[in-house]
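Asks: Here you go, one structure.
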Amino acid sequence: MNMSIKLNIPLENLQDFGLEESHIGKMVFGHLFIAIGARNILFLRAGDFVTKEIYEKYCKSSIKILSPLDQDAVNTIEDYLRIIKVGSSSEEEKLTAKSDLLLFFRRKCLNGDLSVLNFYYAFKKLFKLYDLDLAYEQYKVSHILNHRAILSATLSTLSALMLNVVDFSCLKDIFNTSFFMDVGLIKQSIPCFHIMQAAEKERLNIGDGKKYLEHLVASDTLISIFDQHPIFSYDMIRRSIQKFSYPEIAKIVKCHHENLEGTGFPSSMSYHVTSKFEQIIHYSDTIIPFNTFDFVYGDFEAIKTLIFQNKDISWVRGKWSSYVAYKEAA
Ligand SMILES: [Fe+2]
């Protein structure tokens with residue numbers, strides 16, 4: 001058996017899926033393996049998109065494809081979300097559904113074997129991505145940004161629920177805004193290595209992103225892209241602004257690099273003038289590294305490490321409502 005991804009359950013227990021379960025331009029909802037003889041080889045990671053080329057090459061073949069996503073868990077998450085969605089649900093019923101959903105999250109994900117992708121997939125199914133073309137564009141340019149988008153959208157939605165946001169329209173706007181938070185980095189078609197390096201350095205230590213770029217050739221252009229990317233992201237999100245129930249939520253993306261002490265960019269705002277929603281997506285942006293992420297069973301162990309053990313971002317601890325909420329949830 002040849003696999004580059006560690007699975008905690010035997011392959012023979014996995015449910016079979018064919019590519020016909022997916023569609024061109026849509027994300028696959030679990031790792032897909034091709035079985036060639038006795039060998040199972042990973043060929044699409046969870047969160048990847050099915051391209052036209054892949055679809056045409058593999059869909060009509062008899063190659064066996066396996067997915068580790070737990071559909072029962074996805075269905076459970078969807079059921080809780082539907083209670084929050086239904087207009088006739090009382091505030092008390094919505095808050096109860098929210099509490100049950102977070103309990104499920106704690107038992108099955110935070111301290112269990114499910115993948116964070118179960119939550120992403122359920123969220124995406126009910127919330128919908130407002131601009132699938134833009135999501136596909138981001139994926140084609142950078143798998144790293146795509147993985148960050150999946151994690152960011154999921155964690156921000158969970159943060160909002162932990163902070164008692166049970167307005168379904170608001171949750172789906174937060175999910176979408178967080179998914180496209182860094183899409184401004186692809187405005188120049190390809191985020192170069194240096195821009196991504198700067199973004200990671202900035203994540204670990206405020207101000208280090210620009211310092212890194214200052215010493216490079218064409219630093220003015222790179223700094224301009226880096227400095228303005230929250231505004232670029234907003235401009236790109238605005239293409240689908242008619243799908244937002246609360247268009248002002250899309251604007252929070254402009255503030256995802258503003259910091260506690262007014263040391264952020266592009267507007268040097270301080271914590272005291274940022275809203276709860278701005279803090280939610282900034283928190284997700286701060287804890288998720290610029291790396292590819294393996295969505296597998298038990299992957300929340302890696303998220304917990306990011307939340308609780310990363311000394312380099314200790315400045316965020318105790319000051320951000322999302323951190324406190326996650327700490328309480330654990
Ligand atoms: Fe950013």
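Values in this text are rule-based calculations from the coordinates and carry no lab data. A quick note: this is a predicted structure, and the numbers were derived from the prediction, not measured. Positions of Cβ are generated from backbone atoms using ideal geometry, with glycine treated the same way; all protein chains shown enter the neighbour counts.
Asks: Which of the aspartates and glutamates could a cross-linker bridge to Lys211, judged by Cα under 19 Å and excluding same-chain residues fewer than eight apart?
Replies: Glu200, Glu202, Asp220, Asp227, Glu258, Glu261, Asp312
Asks: Can you pick out the pairs among Lys98/Lys243; Lys94/Lys172; Lys124/Lys304; Lys140/Lys276; Lys276/Lys304 whose Cα atoms lie more than 27 Å from each other? It would help to have the intermediate numbers written out before the result.
Replies: Working: Lys98/Lys243 24 Å; Lys94/Lys172 15 Å; Lys124/Lys304 22 Å; Lys140/Lys276 32 Å; Lys276/Lys304 22 Å.
Lys140/Lys276, as the Cα separations exceed 27 Å there.
Asks: Moving on to the next point. Translational diffusion coefficient of the stretch 125-329 at 10 °C, 1.306 mPa s, Stokes-Einstein with Kirkwood Rh over Cα pairs, in µm²/s as a whole number.
Replies: Numbers: Rh = 17.0 Å.
Translational diffusion coefficient: 93 µm²/s.
Asks: What Kirkwood Rh does the stretch 121-211 have if only Cα atoms enter the pairwise 1/r average? Answer in Å.
Replies: Values: mean 1/r = 0.0712 Å⁻¹.
Averaging 1/r across every pair of different Cα atoms and inverting gives 14.0 Å.
Asks: Quick one: plug the Kirkwood hydrodynamic radius of the stretch 172-213 (C-alpha pairs) into Stokes-Einstein at 37 °C, 0.692 mPa s, and report D in µm²/s. All intermediate terms of the calculation are to be shown ahead of the outcome.
Replies: Details: Rh = 11.3 Å.
Translational diffusion coefficient: 291 µm²/s.
Asks: Then there's this: So for each of 296-304, 108-116, 213-221 I average, over its residues, the number of other beta carbons within 10 Å; can you give me the resulting order with the highest mean first?
Replies: Details: 296-304: 17.6, 108-116: 19.2, 213-221: 12.7.
Per-residue Cβ counts within 10 Å, averaged per peptide and sorted highest first, yield 108-116, 296-304, 213-221.
Asks: Would you list which aspartates and glutamates come within 13 Å of Lys125, measuring only between C-alpha atoms, while excluding same-chain residues fewer than 8 positions from it?
Replies: Those aspartates and glutamates meeting the cut-off are Glu78, Asp79.
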